[in-house]
Amino acid sequence: MSNDTEVDMKDVELNEVDQEKQPMTVSETGNNDAISPVPEKNGIVKLKIPEEETKFTGLSKEELIKVAGTPGWIKMRWALLILFWLGWIGMLAGAIAIIVQAPRCKPIPEMNWWNKGPLYQIGDVKAFTKSELEGLAGKVGELDQLKVKGLVIGPIHVSAADTPGELKLDEISPEAGTLDHFEKVIHEAHRRGISVVLDLTPNYKAQKPWFTKDSIPDVAVQVKSALIYWLKTGVDGFLFYGVEEVSTEAPSTWNDIGVIIHNQTEKETKKVLIGVTDKSFPNNIAELLNSTGVDLLLSGALRSKSALEIAETVEQLNSTYNQTSLAWNIGDRVSGHLASLMGLAHVKLYQLLLLTLPGTPVFNYGDEIGLEDEGSNIYPSMLWLKDANETQTKMKELSSLHMFFKDVSQKRMKERSLLHGEYVPLFNSTYTLAYMRMWDQNERYLIALNWKQEPVTLQLKHTELPEQATVVLNTKPTPAAGDILNLAELTLEAEQGVMLKFPHKF
């Protein structure tokens, strides 16, 4: 009995030892409590591998074809197809209805480069810059800020007063600079989109532009050959004083001059022919425009006239000619500067007038800052050529004129109503003028000017006018830009001009 018990105890001990040697498995969760012995046999360990989940791989091609052919799917496809085309046709019909009902835009009128901004005349380059033409090349950037589209330079050719024999139209006077300097001016201007017009008036140092009556035919012939020479340098046009004389005394040669200039279309840039006359009555100006064939005619049409006369002149010429043929100026290299002719207090009024009339505005150098003639000297030096202390003081006084000019010029360039819109007169009297510029569906602009030395109240009525309009620019500090004014009773202070705007639908 005792022997049997000893055998049993040994078996138990051996079983316990064998069990400790058996490998253990850990559950997928990593818990040690899920341990189960896996029996070993012949050194092979058996592991339990979990079964992989079955993945859905979709229908096969045959199954899809079988399902697609069922009546339910066929009906659904047709329904979706019909809905798609109905939606597409509906959107197309809606777009057509919007286009048909929308008001049609007017075609933009054809404009030349000289109609897109003011022209800036520099009659004496020595008065404009310290180093003549070379210095002018360095000032083109500043003129570009004024948004000018053309520089009218000179005359700069060799000429002696009343001496036709010393005339050299194709040679630059040493007083002005050299050909290299002039070509640099052209390069700097063209680089900024500014054209260069050359004043080629033969006898510019004396009173008669074409010398004597007998010399006109011979001088005109010299002009023809000079045009070809200067066109090769890149000049974009020419200006002549006394066009009525040469067109009358040498009509055939003058016609040839026009043909030479107008036949130049290199790089799709038209060349301009500008004439200057002393005539001031609309009928005389219209006659010269017809007889001379010039593209623009500068005159005394707005000089020393009342607001009523200005209104009548503008209305008459605007009703007769397309505004691309009209040019407006006050001063020039022969008459002097705007501030001296009209008074420094009225400079802003005339800046606003010239830059908003239908046509091309032309300014004499320094008109943007109110530069005044010095007695009989109509070629005063620009402020940057004067004493530094004097210039600094003067610039502070005239900086508002410069800023106002720039603001109006920029506005004119950007707004279609001001650039090529219709001119609609609203009110005029001896001292007061009001008109509207409007183009198609663009904002309308109203310009009101009062030259009187006391306030005036205008009662403006027109089918295109709303009850109120917003101030854009003002020659006086108040009202400020953005203020709303009542147009039924528009009050202007003494010597005040305003630009107002309002939408085309109100």
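The values are calculated or read from the model by the stated rules, or taken from the named source; none is laboratory data. Because the structure is a prediction, the values reported are computed rather than measured. Cβ sites come from the backbone with ideal geometry, for glycine too, and all protein chains shown count toward neighbours.
For every residue, the table says whether it meets (1) surrounded by 15 or more Cβ atoms within 10 Å (Cβ to Cβ); (2) touching a strand residue (DSSP E or B) at 6+ places or on another chain (Cβ under 6 Å); (3) modelled with pLDDT of 95 or more; (4) assigned by TED's automatic domain parsing to the domain that holds Val472.
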| position | (1), (2), (3), (4) |
| --- | --- |
| Asn389 | no, no, no, no |
| Ser409 | yes, no, yes, no |
| Thr432 | yes, yes, yes, yes |
| Asp440 | yes, no, no, yes |
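In segment 490-500, the condition of being touching a Ser or Thr at 6+ places or on another chain (Cβ under 6 Å) and crowded, with 20+ Cβ neighbours inside 10 Å is met by at least one residue.
Against the condition within 19 Å of Gln323 (Cα to Cα), part of a strand (DSSP E or B) and of a type in the set (Lys, Arg), how does Arg437 come out, does it pass?
Details: within 19 Å of Gln323 (Cα to Cα): yes; part of a strand (DSSP E or B): yes; of a type in the set (Lys, Arg): yes.
Considered against the rule, which asks whether it is within 19 Å of Gln323 (Cα to Cα), part of a strand (DSSP E or B) and of a type in the set (Lys, Arg), Arg437 comes out as yes.
Among the residues that make up segment 150-162, is at least one of them of a type in the set (Asp, Glu), under 26 Å from Asp278 (Cβ atoms) and in the same structural domain as Thr360 (by TED's automatic domain parsing)? Taking every residue of segment 150-162 in turn, at least one turns out to be of a type in the set (Asp, Glu), under 26 Å from Asp278 (Cβ atoms) and in the same structural domain as Thr360 (by TED's automatic domain parsing).
Under the condition of being assigned to a helix (DSSP H, G or I) and surrounded by fewer than 23 Cβ atoms within 10 Å (Cβ to Cβ), the residues counted in segment 355-369 number 1.
In the same structural domain as Ala127 (by TED's automatic domain parsing) and either closer than 29 Å to Asn112 by Cβ or in contact with a Leu (Cβ under 6 Å, 6 or more places away or on another chain) (or both): does that describe Ser225? It would help to see each step written out before you state the result.
Numbers: in the same structural domain as Ala127 (by TED's automatic domain parsing): yes; either closer than 29 Å to Asn112 by Cβ or in contact with a Leu (Cβ under 6 Å, 6 or more places away or on another chain) (or both): yes.
The answer is yes for Ser225.
Can you name the residue in segment 456-506 that is part of a loop (DSSP other than H, G, I, E, B) and among the hydroxyl-bearing types (Ser, Thr, Tyr) and, of all such residues, is modelled with the lowest pLDDT? Walk me through it before giving the result.
Keep residues of segment 456-506 that are part of a loop (DSSP other than H, G, I, E, B), which gives 459-467, 475-483, 487-489, 493-495, 503-506.
Adding the requirement that they be among the hydroxyl-bearing types (Ser, Thr, Tyr) leaves 463, 475, 478.
Numbers: Thr463: 89, Thr475: 97, Thr478: 93.
In this case the residue turns out to be Thr463.
Please find, among Ala345, Ala339, the residue that is in a helix (DSSP H, G or I), crowded, with 23+ Cβ neighbours inside 10 Å and among the small types (Gly, Ala, Ser). Working first, answer last.
Details: Ala345 fails: crowded, with 23+ Cβ neighbours inside 10 Å.
Selected residue: Ala339, the only one of Ala345, Ala339 that is in a helix (DSSP H, G or I), crowded, with 23+ Cβ neighbours inside 10 Å and among the small types (Gly, Ala, Ser).
For segment 231-253, a residue qualifies if it is within 35 Å of the chain's Cα centre (by Cα) and among the hydrophobic types (A, V, I, L, M, F, W, C), and the qualifying residues are Leu231, Val235, Phe238, Leu239, Phe240, Val243.
Checking each residue in segment 442-461 for being farther than 14 Å from Glu493 by Cα and loosely packed, with under 14 Cβ neighbours inside 10 Å picks out Gln459, Lys461. Among the residues of segment 118-127, those identified as closer than 21 Å to Val272 by Cβ and not hydroxyl-bearing (Ser, Thr, Tyr) are Pro118, Leu119, Gln121, Ile122, Gly123, Val125.
Select the strands (runs of 3 or more DSSP E) contained entirely in segment 81-176, then report the ones holding at least 2 residues which are loosely packed, with under 14 Cβ neighbours inside 10 Å. Ranges flagged: 163-172. Taking the numbered list (1) part of a helix (DSSP H, G or I); (2) buried (at least 18 other Cβ atoms within 10 Å of the Cβ) in turn, Trp384 passes all entries but (2). For segment 229-245, the count of residues that are among the aliphatic types (A, V, I, L, M) and either surrounded by fewer than 18 Cβ atoms within 10 Å (Cβ to Cβ) or not assigned by TED's automatic domain parsing to the domain that holds Ser280 (or both) is zero.
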